[in-house]
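Here's the structure we're looking at; comments come further down.
The values are calculated or read from the model by the stated rules, or taken from the named source; none is laboratory data. Just so you know, these numbers come straight off a predicted model, no measurement behind them. Using ideal geometry, Cβ is built from the backbone for each residue, glycine included, and neighbour counts are taken over all protein chains shown.
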Amino acid sequence: MSEVMLEIKDLVKVYGSGRNASRAVDGISLSIPKGSFYGLLGPNGAGKSTTIHCITGIAKPTSGQILIDGVDVVKEYKAARRLVGLSPQEFNVDIFSTTEQLMDFMGGYYGIPKAKREQRVNELIKRFDLEKHRKVKFQRLSGGLKRRAMLGRALVHTPDLLILDEPTAGVDVEQRRDLWQYLKELNESGKTIILTSHYLEEIQYLCNEIAIINNGKIVAEGTKEEFMRDGKSVEETYLEITRKEKTQ
Amino acid sequence: MNWIGLSTIFRREVKRTMRVPTQTLIAPTISSALFIFIFGTVIGSRISEFAGVPYISFVFPGVLLMTVINAAYASASSALYFMRFSRSIEEMLITPFSYFEMLLGLVGSAVVRTVLVAGLTLLVGVLFGAVRLVDPLGFFFYITAISAIFAMLGIIVALWAESFEQLQVLNTFIITPLTYLGGIFYSVTFLPPLAATITHLNPFFYFANAVRYSMIGYSEANLWLGFVVISGLTLGLAILVISLFRRGWKIRG
């Protein structure tokens, strides 16, 4: 057991080879303590999703090491994957499955026995106010309902580390506030959460530590207070840093 | 072994099969019934016994084999390609499945669907009086192994394909010609010597021969050689698919 929930050491991810090679992540190192609510910011194509893909197993790191609670995601991938839940930016689901099936199948993949799985799925369906939609196919859900179903799916095996890639995209204001409240409660209950979002007020409201990725590298990292020094908002600091990066 | 995970893959695939029963179960059964009627009843009525059995019983193992090959290939290739297309393959990539378990889940669920289709075809065969079974254990082994071979070929093509059209390439240019030329509807003794020799180089001939032997007890090839070909292909393809999964070819960024 480690006090650090996620440790990334010099992570490199190159897509393609030869002249077509593209370095999506270029030597990222991060250390995220247990219980953090960590905001990962950056412009589109900066390497946020690729980093998340390497952590969760969707992509294979080219080099470097990733440890989740001290467990290596490549060498001990089975143990590592039980520790993480992912709500991805893009809907990576069988769109013909119902809301209930999505969560049930995911619970099954994690090896959760039927009775426990049913109980957990019922809890999540209730928590995300999806009762009316539990038998509705994913393709028929609205954008906000899809996001809630994805969150439920990510939480079905009660992971210690929750990774949320744009979890409130397409969610209306009221539901977004409700989700924020839930995420805060989750974090307060001890879960470590990594959040990427283009809504910087969301990052400011929820996160206590923030990093900015640009061109596959960490260009700034600190506490929320450090990002909000001199009365600035997180958004103002973010824009300042990314504009400076552009001109360099 | 993640048994609950594996049973979940099977459950999901059975649901997927039942979403389109016309395509997955009814169409291949009708197709088999037509083959049995035409080759067995219409043409077979003009042919006297062959290999000690009515022609319909001689030809039925070939019809069954063709059904098995098509069902296994279509099931595995369409399932995995759809998972790649919808990115739902990521559900398997982020969950605690080993590469062997991924193979077992995808191939096993295709074999289950194939056995369902084979069961319906057998039922049609029984109605036509075409079914004999001299070696049930061998029959079950060969049907399962051949299903697994074509499910794994389906997986390889589903990983390689970049469009739905490409999914059919192997089927159109390799599987269908080799199936028809593998002696599924005729005896290799009907062929001129050169064609008979060439047929012995076609692995599909050993598939047909093995299934036919287990059903009617008649063989035109060395059964041990057939066993080695079928077992070797099963093992070789399993190793290849696991290594492709391990490399993350076309599925892990």
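Pick out the one residue from A:Gly57, A:Gly39 that is in the same structural domain as A:Lys191 (by TED's automatic domain parsing), touching a Leu at 6+ places or on another chain (Cβ under 9 Å) and farther than 29 Å from A:Leu239 by Cα.
Values: A:Gly39 fails: farther than 29 Å from A:Leu239 by Cα.
Being in the same structural domain as A:Lys191 (by TED's automatic domain parsing), touching a Leu at 6+ places or on another chain (Cβ under 9 Å) and farther than 29 Å from A:Leu239 by Cα holds for just one of A:Gly57, A:Gly39, which is A:Gly57.
From A:Ser197, A:Ser233, grab the single residue that is among the hydroxyl-bearing types (Ser, Thr, Tyr), buried (at least 17 other Cβ atoms within 10 Å of the Cβ), modelled with pLDDT of 85 or more and out of contact with any strand residue (DSSP E or B) (no Cβ under 7 Å at 6 or more places or on another chain). Even if it seems obvious, please write down each step before you answer.
Working: A:Ser233 fails: buried (at least 17 other Cβ atoms within 10 Å of the Cβ).
Going through A:Ser197, A:Ser233 in turn, the sole match is A:Ser197.
Restricting the first residue to region A:40-55 and requiring it to be within 14 Å of chain B (Cβ to nearest Cβ), which pairs with a second residue that is acidic (Asp, Glu) and in a helix (DSSP H, G or I) meet a Cβ separation below 9 Å and a spacing of at least six or different chains?
A:His53/B:Glu90
Name the residue that is nearest to the chain's Cα centre (by Cα), counting only residues in region A:76-103 that are among the charged types (D, E, K, R) and facing chain B (nearest Cβ under 8 Å).
Among those residues, the one meeting the criterion is A:Glu90.
Select from region B:82-124 the residues that are in a helix (DSSP H, G or I) and of a type in the set (D, E, K, R) and write down the one among them that is surrounded by the most Cβ atoms within 10 Å (Cβ to Cβ).
B:Arg113
Being of a type in the set (S, T, N, Q), touching a Phe, Trp or Tyr at 6+ places or on another chain (Cβ under 6 Å) and not in a helix (DSSP H, G or I), is that true of even one residue in region B:216-230? Even if it seems obvious, please write down each step before you answer.
Step one: of region B:216-230, the residues of a type in the set (S, T, N, Q) are B:219, B:222.
The next check asks that each one be touching a Phe, Trp or Tyr at 6+ places or on another chain (Cβ under 6 Å); those that pass are B:219.
Among the residues that remain, those that are also not in a helix (DSSP H, G or I) are: B:219.
Yes, the conditions are met somewhere in region B:216-230.
Anything in region B:29-81 that is surrounded by fewer than 18 Cβ atoms within 10 Å (Cβ to Cβ) and either in contact with a Lys or Arg (Cβ under 6 Å, 6 or more places away or on another chain) or without any contact (Cβ under 8 Å) to a residue 12 or more places away in the chain (or both)? List them, or say none.
B:Ile30, B:Leu34, B:Ile38, B:Val42, B:Ser45, B:Arg46, B:Ile47, B:Ser48, B:Glu49
Is there a residue in region B:7-15 that is aliphatic (A, V, I, L, M) and surrounded by fewer than 19 Cβ atoms within 10 Å (Cβ to Cβ)?
yes
Can you work out which of the residues in region B:125-164 that are hydroxyl-bearing (Ser, Thr, Tyr) and crowded, with 23+ Cβ neighbours inside 10 Å is farthest from B:Ser86 (Cα to Cα)?
B:Tyr142
For A:Gln119, all conditions in the list (1) touching a residue at least 24 places away in the same chain (Cβ under 8 Å); (2) of a type outside the set (D, E, K, R); (3) away from chain B (no Cβ under 13 Å) hold save one; what is the number of the exception?
Of everything listed in (1) touching a residue at least 24 places away in the same chain (Cβ under 8 Å); (2) of a type outside the set (D, E, K, R); (3) away from chain B (no Cβ under 13 Å), A:Gln119 misses just condition (1).
Have a look at B:Gly183, B:Gly217 and point out the one that is modelled with pLDDT under 90 and on the phi > 0 side of the Ramachandran plot.
B:Gly183
Of the conditions (1) within 10 Å of another protein chain (Cβ to nearest Cβ); (2) in contact with a helix residue (DSSP H, G or I) (Cβ under 6 Å, 6 or more places away or on another chain); (3) buried (at least 21 other Cβ atoms within 10 Å of the Cβ); (4) more than 30 Å from A:Gly222 (Cβ to Cβ), A:Ala59 fails just one. Which one is it?
That leaves (4) as the condition not met.
Give the residues of region B:124-134 that are free of Cβ contacts under 8 Å to residues at least 40 places away in the same chain and under 13 Å from B:Pro61 (Cα atoms), sorted by residue number.
B:Val126
Evaluate region B:94-106: report whether one residue or more is under 27 Å from A:Phe96 (Cα atoms) and without any contact (Cβ under 8 Å) to a residue 24 or more places away in the chain.
yes
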